[in-house]
Amino acid sequence: MAEPVQWHGTTILTVRKGGKVVIAGDGQVSLGQTVIKGNARKVRPLGSGGHVIAGFAGATADAMTLFERLEAKLEQYPQQLTRACVDMAKDWRTDRYLRRLEAMMIVADRSVSLVLTGTGDVLEPERGVIAIGSGGNYALAAARALIDTDMDAEAIARKAMAIAAEICVYTNSNITVESLDA
């Protein structure tokens, strides 16, 4: 029996440096060996006022569900991103419907960057850099190599994403960047 064709794609990277936090994501969505869309927007502001930015890797409909759930938690816990994420991660892990969602998220506000996974993990990156998705390890390695240079957070994110796009066939160079002053 043949394996079902899998959706692939996405590289999401966050860099926190010099009073700024940036989340960058590529725009490619692939089905098997075919690029379905090259300009998807996988990074966006969340919550009222855009005080939180987020990016997702995984199934788009699943990610939109998670964005909506996180926005509801942010309304419940205003200005408390970590608490909202931990509460959402508990729901994600224990709710029968949410457990089936296939996505990961990076979220950030002025003070913290976090990765949320379907296994209930809420992780804060070391050295202010973390990445997820099919090209995540390439972007992460590039950003870590650049973090001690004189480049700012956005320049590091853009360069690291360009490097990931050159290596990962599921990542393209159509980059969306959102940033906040930290």
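Throughout, read-outs are computed from the coordinates displayed, never taken from laboratory work. What you see is a predicted model, and the numbers here were worked out from it, not measured in a lab. With ideal geometry, Cβ positions are generated from the backbone for all residues, glycine too; neighbour counts draw on all protein chains shown.
The slack between Ala155 and Glu75, meaning 0.36 nm per residue of separation minus the straight C-alpha distance, is 25.6 nm.
The modelled label-to-label distance for the pair Ala141/Val112, using points 7 Å beyond Cα in the direction of Cβ, is 3.1 nm.
Distance between the pseudo-spin-label points of Asp91 and Met64 (7 Å out from Cα toward the beta carbon): 1.8 nm. Note on segment 7-181: dipole from Cβ charges, positive end direction compared against Ala165, Leu140, Thr94; the farthest Cα belongs to Thr94.
The lysines within cross-link reach of Lys73, meaning a Cα-to-Cα straight distance under 18 Å and a gap of 8 or more places when in the same chain, are Lys90.
Taking the helices alone, the chain has a mean residue ellipticity at 222 nm of -10000 deg cm²/dmol, built from -39,500 (n - 2.57) per DSSP H run of at least 4 residues and averaged over all its residues. Under 19 Å of direct C-alpha separation, and excluding same-chain neighbours fewer than eight residues apart, Lys42 reaches these lysines: Lys159.
The GNM of the chain, with springs linking C-alpha atoms under 10 angstrom apart, assigns the highest mean-square fluctuation among Leu123, Leu31, Leu81 to Leu31. What whole-number distance in Å separates the alpha-carbon centres of segment 107-124 and segment 45-90? Taking the Cα centre of each part, segment 107-124 and segment 45-90 sit 10 Å apart. Stretching the chain fully between Glu124 and Val169 yields a gain of 13.5 nm (0.36 nm per residue, less the alpha carbon separation).
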